[in-house]
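Report on the following structure.
The values are calculated or read from the model by the stated rules, or taken from the named source; none is laboratory data. A quick note: this is a predicted structure, and the numbers were derived from the prediction, not measured. Don't worry about glycine lacking a Cβ; one is built from the backbone with ideal geometry, like all the others, and counts go over all protein chains shown.
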Amino acid sequence: MFLAVFSNALQEEELENGTTRTVLKLPAVLAPVKATVLPLVKKDGLPEIAKKIVSDLKWNFNVAYDEKDAVGRRYRRQDAAGTPFCITVDHDTLKDNTVTIRYRDSMEQKRVKIEELQSIIKEEVSYKKWLMKM
């Protein structure tokens, strides 16, 4: 069963700019790591905020932290690993307490309040939501 889900989930997509991305489109409920938190840069207090978010989310979800390479490369790395959500902490976070959440499958990005992350991820990785899509 796992091999059937895994082989169906691994896809290579052509992007608008002519490049390709490898993405493991595991259903969010089955993904081992639900989200990765990414500080935009390794300075200005962004890593500290990102690590605090990881600390808050880790009680309910398996989350990771990544600060190596440019953010685009980090997104691609998480796409290939099957991580459904990337949460980016940037300089606007310092001003308004919001972050960017990026959805792996659609590559859609939206700004959300840090306090909303728990409920957004919980909703997206719920068994009920997954079953309703089937």
For this session: Go through the range 94-119 and count every residue that is over 13 Å from the mean Cα position of the chain (by Cα) and among the small types (Gly, Ala, Ser).
Result: 1
For this session: Return the total of residues in the range 52-76 being polar (S, T, N, Q), over 17 Å from residue 103 (Cα atoms) and in a loop (DSSP other than H, G, I, E, B).
Result: 1
Seminar exercise, completed: The helices (runs of 4 or more DSSP H) lying wholly within the range 86-134 that contain at least 3 residues that are of a type in the set (A, V, I, L, M, F, W, C) and closer than 20 Å to residue 54 by Cα are 117-124
Exercise. Which of the following residues is farther than 16 Å from residue 89 by Cα and not small (Gly, Ala, Ser): 32, 47?
Worked result: 32
Problem set entry | Long-range neighbours under 6 Å by Cβ, at least six apart or interchain, first residue in contact (Cβ under 8 Å) with a residue 24 or more places away in the chain within the range 56-67, second assigned to a strand (DSSP E or B) | 57/63; 63/35; 64/36; 65/37; 66/36; 66/38; 67/39
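This table checks each residue for (1) more than 13 Å from the chain's Cα centre (by Cα); (2) among the β-branched types (Val, Ile, Thr).
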residue: 10; (1), (2): yes, no
residue: 15; (1), (2): yes, no
residue: 30; (1), (2): yes, no
residue: 37; (1), (2): no, yes
residue: 44; (1), (2): yes, no
residue: 66; (1), (2): no, no
residue: 82; (1), (2): no, no
For this session: Could you list, in sequence order, all residues of the range 14-62 that are among the β-branched types (Val, Ile, Thr) and closer than 14 Å to residue 82 by Cβ?
Result: 22, 23, 29, 33, 36
Problem set entry | Residues of the range 39-51 satisfying the condition of being part of a loop (DSSP other than H, G, I, E, B) and of a type in the set (Gly, Ala, Ser) | 45
Exercise. Within the range 73-88, is even one residue within 30 Å of residue 2 (Cβ to Cβ), surrounded by fewer than 17 Cβ atoms within 10 Å (Cβ to Cβ) and among the polar types (S, T, N, Q)?
Worked result: no
Problem set entry | Every residue from the range 63-102 that is within 20 Å of residue 126 (Cβ to Cβ) and either of a type in the set (D, E, K, R) or modelled with pLDDT under 95 (or both) | 82, 102
Problem set entry | Cβ pairs under 8 Å, 6+ apart, first in the range 115-134 and among the hydroxyl-bearing types (Ser, Thr, Tyr), second not in a helix (DSSP H, G or I) | 126/29; 127/29
Exercise. Which condition number does residue 106 fail, the rest of (1) of a type outside the set (A, V, I, L, M); (2) loosely packed, with under 13 Cβ neighbours inside 10 Å; (3) in contact with a helix residue (DSSP H, G or I) (Cβ under 8 Å, 6 or more places away or on another chain) being met?
Worked result: (3)
